[in-house]
There are 2 protein chains.
Amino acid sequence: MIEYQARIYVTLRPSVLDPAGTAVQSGLQHLGYDNVEQVRIGKYIELKLSAADEETAKQQLDSICDQMLANPVIENYRFELTPLSAGVKA
Amino acid sequence: MIEYQARIYVTLRPSVLDPAGTAVQSGLQHLGYDNVEQVRIGKYIELKLSAADEETAKQQLDSICDQMLANPVIENYRFELTPLSAGVKA
């Protein structure tokens, strides 16, 4: 089994309103940052995953994102996989 | 003024407990993903920022993260800046 570090980015689909992002943008303008636009807030998830190979790891991550980490109706996701170690884990 | 796309990653410091991450990991194990470990949940923020140059943009982003996007007591942040366009914006 190979252990992978996964970095997952979950973002709202562009057509979905982001009230939290709008609130942050408004707050930044109150602080004087009137050069900031289009604030969108998403989730960033890190996890470690053991799998036989990268293809299996990707398939599992797709399922994990669809089932638990992202709401596919309103969110998109993408992820990066980095192998951490090769070899049998205890 | 140059317009930049900023991607900001806010993560809990390693020493800070992450109950949401623990809950997700436990949920994944209930779904059968017992090969997943060390789930940590952070924030991913996208915004557009206009600045005279990259150095100014970085300084502004540092202030923005410290003041509004991250809680420096318990969170770390990092960001990436990509120039979107050069030239005066209307």
Qualifying positions in the range B:42-79 - assigned to a helix (DSSP H, G or I), of a type outside the set (Ser, Thr, Tyr) and either in contact with a strand residue (DSSP E or B) (Cβ under 7 Å, 6 or more places away or on another chain) or surrounded by 13 or more Cβ atoms within 10 Å (Cβ to Cβ) (or both) | B:54, B:57, B:58, B:60, B:61, B:64, B:65, B:67, B:68, B:69
With respect to residue A:26, is the statement that it is surrounded by fewer than 18 Cβ atoms within 10 Å (Cβ to Cβ), at negative phi, more than 9 Å from chain B (Cβ to nearest Cβ) and in contact with an Asp or Glu (Cβ under 7 Å, 6 or more places away or on another chain) true?
-> no
Does residue A:14 fit the bill of being away from every other protein chain (no Cβ under 11 Å), surrounded by fewer than 12 Cβ atoms within 10 Å (Cβ to Cβ) and free of Cβ contacts under 8 Å to residues at least 40 places away in the same chain?
-> no
Matching residues in the range B:29-41 - criterion: being in contact with a strand residue (DSSP E or B) (Cβ under 9 Å, 6 or more places away or on another chain) and either surrounded by 16 or more Cβ atoms within 10 Å (Cβ to Cβ) or among the small types (Gly, Ala, Ser) (or both) | B:33, B:35, B:36, B:39, B:40, B:41
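Read-outs throughout are calculated quantities, based only on the coordinates presented, and are distinct from any laboratory measurement. Predicted model, so just to flag it, every value in this text is computed and none were measured. Note that we place each Cβ from the backbone using ideal geometry, even for glycine, and neighbour counts take in every protein chain shown.
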